[in-house]
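K.L.:
Sharing a structure below in structure tokens format, with a few things to ask.
The values are calculated or read from the model by the stated rules, or taken from the named source; none is laboratory data. Just so it is clear, the model here is predicted, and its values are computed rather than measured. We place every Cβ from the backbone using ideal geometry, glycine too, and count neighbours over all the protein chains shown. Surface areas here come from the heavy atoms of the whole protein model, side chains and all, with no ligands, DNA or RNA. Shrake-Rupley method; radii C 1.70, N 1.55, O 1.52, S 1.80 Å.
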Amino acid sequence: MSLEGAYDPVNIFAKIIQGKMPCAKVYEDEDVLSFMDAFPQSRGHTLVIPKTPVRNLLDVDAEMLQMLIERTQMIAKGVQRAFLPEGIILTQFNGAVAGQTVFHLHFHIIPAYADTELSGHGGTKMADMEQLQRHAAIVAAALDL
């Protein structure tokens, strides 16, 4: 265990993996789930998580991390093709003090646009689920599978 303790099996991402909470799904395979961030920092903000219960980067084994980074890159390329941002920010937080708000390992793919300021991480305004579903479909269609 690292930083703040044991994995919490009832965190929001665990519930999404279990199908107990909805998400705007972009991609799924046996190891990974990707979906739109419900509190996006920009248009197209996408998350990539392992289906394995792991708290953060310090708790994951190297083989799983490699697979997760490969999927994150694939999905980031889809986000790039789908939304044509001028840049992409890839972030990952470890521990509450570092900004981690959901204690299940996840990567943020955040499109950066020259004319748009990013919202804060873990904002207070949840996005419209129908809009997130449309964005998820656009990214999913842009994936090079």
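K.L.:
Please enumerate the residues belonging to region 113-131 that are open to solvent by less than 70 Å² (accessible area, probe 1.4 Å), closer than 15 Å to residue 24 by Cβ and not in a helix (DSSP H, G or I).
P.N.:
Result: 127, single match.
K.L.:
Follow-up question, since we're still on this one. Taking only region 44-84 into account, find how many residues are touching a Pro at 6+ places or on another chain (Cβ under 9 Å), surrounded by fewer than 17 Cβ atoms within 10 Å (Cβ to Cβ) and closer than 23 Å to residue 115 by Cα.
P.N.:
Summing the residues that are touching a Pro at 6+ places or on another chain (Cβ under 9 Å), surrounded by fewer than 17 Cβ atoms within 10 Å (Cβ to Cβ) and closer than 23 Å to residue 115 by Cα in region 44-84 gives 1.
K.L.:
Another question about this same structure. Select from region 53-71 the residues that are in a helix (DSSP H, G or I) and in contact with a helix residue (DSSP H, G or I) (Cβ under 9 Å, 6 or more places away or on another chain) and list them in ascending order.
P.N.:
Correct list: 57, 65.
K.L.:
Another one. In region 85-112, which residues are assigned to a loop (DSSP other than H, G, I, E, B) and open to solvent by 30 Å² or more (accessible area, probe 1.4 Å)?
P.N.:
Hits for region 85-112 are 86, 92, 93, 94, 101, 103.
K.L.:
Do any residues in region 95-114 that are in contact (Cβ under 8 Å) with a residue 24 or more places away in the chain and among the β-branched types (Val, Ile, Thr) have Cβ atoms under 6 Å from those of residues that are assigned to a helix (DSSP H, G or I) and open to solvent by 30 Å² or more (accessible area, probe 1.4 Å), where the two are at least six apart or on different chains, and which pairs are they?
P.N.:
Pairs that qualify, where the first residue is in contact (Cβ under 8 Å) with a residue 24 or more places away in the chain and among the β-branched types (Val, Ile, Thr) and the partner is assigned to a helix (DSSP H, G or I) and open to solvent by 30 Å² or more (accessible area, probe 1.4 Å), are 102/12.
Here's the yes/no breakdown for (1) at pLDDT below 95; (2) farther than 15 Å from residue 38 by Cβ:
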residue	(1), (2)
72	no, yes
87	no, yes
116	yes, yes
123	yes, no
131	no, no
144	yes, yes
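K.L.:
Taking the conditions exactly as written (in contact (Cβ under 8 Å) with a residue 24 or more places away in the chain, of a type in the set (Asp, Glu) and either open to solvent by 30 Å² or more (accessible area, probe 1.4 Å) or within 19 Å of residue 144 (Cα to Cα) (or both)), does residue 29 satisfy them or not?
P.N.:
Yes.
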